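To start, the structure itself, in structure tokens.
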Amino acid sequence: MHARAWVFGVWAAILLWSVALFLVVRDHFLNFRLGRYDLGNMVQAVWNTADGRPLESTNGATGEQMTRLGSHVDPILAALAPLWLVAPTPLTLIAVQVGAVALGALPVFWLARRHLESERVAAILAAGYLAYPWVAWTAVDVFHPVTLAIPLLLFCAWFLDSDRLIPFAVCAVLAAMCGELMAVGVAGLGVWYALARGRRRAGIAIVCAGIGWVVLAFSVVVPAFSQGSSVFYGAYDEVGGSPLGILRKAVTDPLTVATAVASWSDALYLFLLAAPLGGLFILAPGLAAVALPQLSANLLASWDATTDPRAHYVAGVLPFLIAAVAVGLSRLSPEGRIRGALLVLTLSVVSAVMVGPWPGAVTGAPTFYRTNASPEFLGALRAAVALIPDDEPVTATNRLGSHLAARRYLYSAPVLGSAKWAALDMSDTWVPAVWGGGSDPEAILAFRLRLAQSPDWHLVLDQGGVVVFQKVG
């Protein structure tokens, strides 16, 4: 096949994959399978930015207005405000995420083409990237700024591998803006560049810039906007509670730290990440090792979601494992490279069929992906959303909140705040905590009873388990 045909094939695969994944997430959104956590949080931050209040959002657990930088340092969200002005719908954010992740196939193709000296093998690996089930899951995992780091970090690897430091710096800055930990991967690439390419001065500068941004984010930016340390340190209480605390714990109580990363769920997580790639990233251990800091953070956390490969926490891991496959296969013979690429594609396709985010293929998917609501119930949800005026302060249960987020004040039931409206899906009992959250049916039921018994609130809709209250006067 002519070289241009392989390139055309990659672009066609990117387009088809993007359309297919967008339709999957669009279906989830329109049928109320997505929540205020986390799609609504991002929509509110982008909407407020477009309205002149940069990254402002409502804290779901406390009801206080805050700047998103007090929880996550992901200012790249602000760059989406102009797109919101053009197309003011949550589907805009979803389209950006799906399209961005799809474009990660390009640096995979380019890396493989350079190192494997074959357009065909490079195209096979690019297809393997798109077929890799956890790449697809990150694309449909509502919207998270860190997911945008997947293609950006792949472009970083490509530009460093090409000794093109200026475009690398642009992509590195953008990746760092996707989340407070994404610059750790940038720093790791600096170490790889210094050792594998012998560019020590440039590599050290990259390391210092990456680590410097992470330190600045955690020690200056987050405290400045939250009046305290990151609330997500709570996920690491058992192993030290902070980066420095973890280091101290590793020295004073290494058994506790080792136990935290040695559970069966952690082992399964590692297997699920490695299996669709055939473990071939080990052929480029230096590049694969760049994933270790983020991987360690995921394993050490006490929150189950961090070791779920379907969740966005893999964003700082996947780019380096996949890039390592593209580079590492060069150690094999030409025949071995083809076999290796076909192995990755085959295993990824089989894995995607088994556990990918496709209708009818989801195995053990999160609850909201398994929700099959009746037309009557969906009609009640849509009627509830239609009743709430634009930009009126509202409190809502999680799934309704994803459709009501384009406003300044959005509270999560049972937090009332200054809400003038309350929209409750009584089957949706998830409530937020300081970090994380969980099901609390009693709290949602008590909140409904409180509003029903209050003379300040009037019931305006009660249909199929969906209720809407309006504040009197």
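The values are calculated or read from the model by the stated rules, or taken from the named source; none is laboratory data. Model, not experiment: these values are computed from the prediction. Methodologically, a virtual Cβ is constructed for each residue, glycine included, from the backbone with ideal geometry; neighbour enumeration extends over all protein chains shown. Side chains are part of the model used for accessible areas, which takes the heavy atoms of the whole protein and leaves out ligands, DNA and RNA. Shrake-Rupley method; radii C 1.70, N 1.55, O 1.52, S 1.80 Å.
Give the residues of segment 160-187 that are within 21 Å of residue 135 (Cα to Cα) and in a helix (DSSP H, G or I), sorted by residue number. So that I can check it myself, show each step before the final result.
Initial filter on segment 160-187 (within 21 Å of residue 135 (Cα to Cα)): 171-172, 174-186.
Answer for segment 160-187, where residues must be within 21 Å of residue 135 (Cα to Cα) and in a helix (DSSP H, G or I): 171, 172, 174, 175, 176, 182, 183, 184, 185, 186.
Give the residues of segment 215-240 that are open to solvent by 20 Å² or more (accessible area, probe 1.4 Å) and within 22 Å of residue 296 (Cα to Cα), sorted by residue number. Give the derivation first.
Taking segment 215-240 first, the residues open to solvent by 20 Å² or more (accessible area, probe 1.4 Å) are 215-216, 218-221, 223-229, 231-233, 236-238, 240.
Answer for segment 215-240, where residues must be open to solvent by 20 Å² or more (accessible area, probe 1.4 Å) and within 22 Å of residue 296 (Cα to Cα): 215, 216, 218, 219, 229, 231, 232, 233, 236, 237, 238, 240.
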Members of segment 422-473 that are on the phi > 0 side of the Ramachandran plot and either touching a residue at least 24 places away in the same chain (Cβ under 8 Å) or not small (Gly, Ala, Ser) (or both): 436, 437, 464, 465
Hits in segment 442-469 (condition: surrounded by fewer than 17 Cβ atoms within 10 Å (Cβ to Cβ), at pLDDT 95 or above, of a type outside the set (A, V, I, L, M) and under 33 Å from the mean Cα position of the chain (by Cα)): 442
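Working carefully through the options 17, 6, find the one that is open to solvent by 40 Å² or more (accessible area, probe 1.4 Å), of a type in the set (Phe, Trp, Tyr) and in a helix (DSSP H, G or I).
Details: 17 fails: open to solvent by 40 Å² or more (accessible area, probe 1.4 Å).
Of the residues listed, the single one that is open to solvent by 40 Å² or more (accessible area, probe 1.4 Å), of a type in the set (Phe, Trp, Tyr) and in a helix (DSSP H, G or I) is 6.
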Single match in 405, 386, 423 (criterion: assigned to a strand (DSSP E or B) and out of contact with any Asp or Glu (no Cβ under 9 Å at 6 or more places or on another chain)): 423
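With the condition kept exactly as written, say whether any residue in segment 37-54 is assigned to a helix (DSSP H, G or I), open to solvent by 50 Å² or more (accessible area, probe 1.4 Å) and in contact with a Pro (Cβ under 8 Å, 6 or more places away or on another chain).
Residues of segment 37-54 assigned to a helix (DSSP H, G or I): 37-50.
Still in the list and also open to solvent by 50 Å² or more (accessible area, probe 1.4 Å): 37.
Keeping just the survivors that are in contact with a Pro (Cβ under 8 Å, 6 or more places away or on another chain) gives 37.
Within segment 37-54, one or more residues are assigned to a helix (DSSP H, G or I), open to solvent by 50 Å² or more (accessible area, probe 1.4 Å) and in contact with a Pro (Cβ under 8 Å, 6 or more places away or on another chain).
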Segment 59-70, subset assigned to a loop (DSSP other than H, G, I, E, B) and open to solvent by less than 20 Å² (accessible area, probe 1.4 Å), residue nearest to residue 397 (Cα to Cα): 60
Test for residue 69: is it within 17 Å of residue 230 (Cβ to Cβ) and touching a Lys or Arg at 6+ places or on another chain (Cβ under 7 Å): no
Options 261, 317, 290, 251: the member that is open to solvent by 30 Å² or more (accessible area, probe 1.4 Å) and closer than 26 Å to residue 72 by Cα: 261
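This table checks each residue for (1) under 28 Å from residue 409 (Cα atoms); (2) not hydrophobic (A, V, I, L, M, F, W, C).
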residue: 80; (1), (2): yes, no
residue: 83; (1), (2): yes, no
residue: 88; (1), (2): yes, yes
residue: 111; (1), (2): no, no
residue: 122; (1), (2): no, no
residue: 145; (1), (2): yes, yes
residue: 174; (1), (2): no, no
residue: 177; (1), (2): yes, no
Which numbered condition residue 76 fails, given (1) within 30 Å of residue 219 (Cβ to Cβ); (2) open to solvent by 30 Å² or more (accessible area, probe 1.4 Å); (3) not in a loop (DSSP other than H, G, I, E, B): (2)
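Give the residue that is most open to solvent (accessible area, probe 1.4 Å), with candidates limited to residues of segment 202-214 that are among the aliphatic types (A, V, I, L, M) and more than 22 Å from the chain's Cα centre (by Cα). Spell out the reasoning first.
Kept after step one, since they are among the aliphatic types (A, V, I, L, M), are these residues of segment 202-214: 202, 204-207, 209, 211, 214.
Subsequent filtering for residues that are more than 22 Å from the chain's Cα centre (by Cα) retains 202, 204-207, 209.
Details: 202: 23, 204: 101, 205: 58, 206: 18, 207: 40, 209: 65 Å².
So, considering only residues that are among the aliphatic types (A, V, I, L, M) and more than 22 Å from the chain's Cα centre (by Cα), the one most open to solvent (accessible area, probe 1.4 Å) is 204.
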Residue 95 among the small types (Gly, Ala, Ser) and in contact with a Ser or Thr (Cβ under 9 Å, 6 or more places away or on another chain): yes
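From the list 330, 348, 296, 374, which residue is modelled with pLDDT of 90 or more and either open to solvent by less than 20 Å² (accessible area, probe 1.4 Å) or closer than 30 Å to residue 467 by Cα (or both)? Spell out the reasoning first.
Details: 330 fails: either open to solvent by less than 20 Å² (accessible area, probe 1.4 Å) or closer than 30 Å to residue 467 by Cα (or both); 296 fails: either open to solvent by less than 20 Å² (accessible area, probe 1.4 Å) or closer than 30 Å to residue 467 by Cα (or both); 374 fails: modelled with pLDDT of 90 or more.
Every option except 348 fails the conditions.
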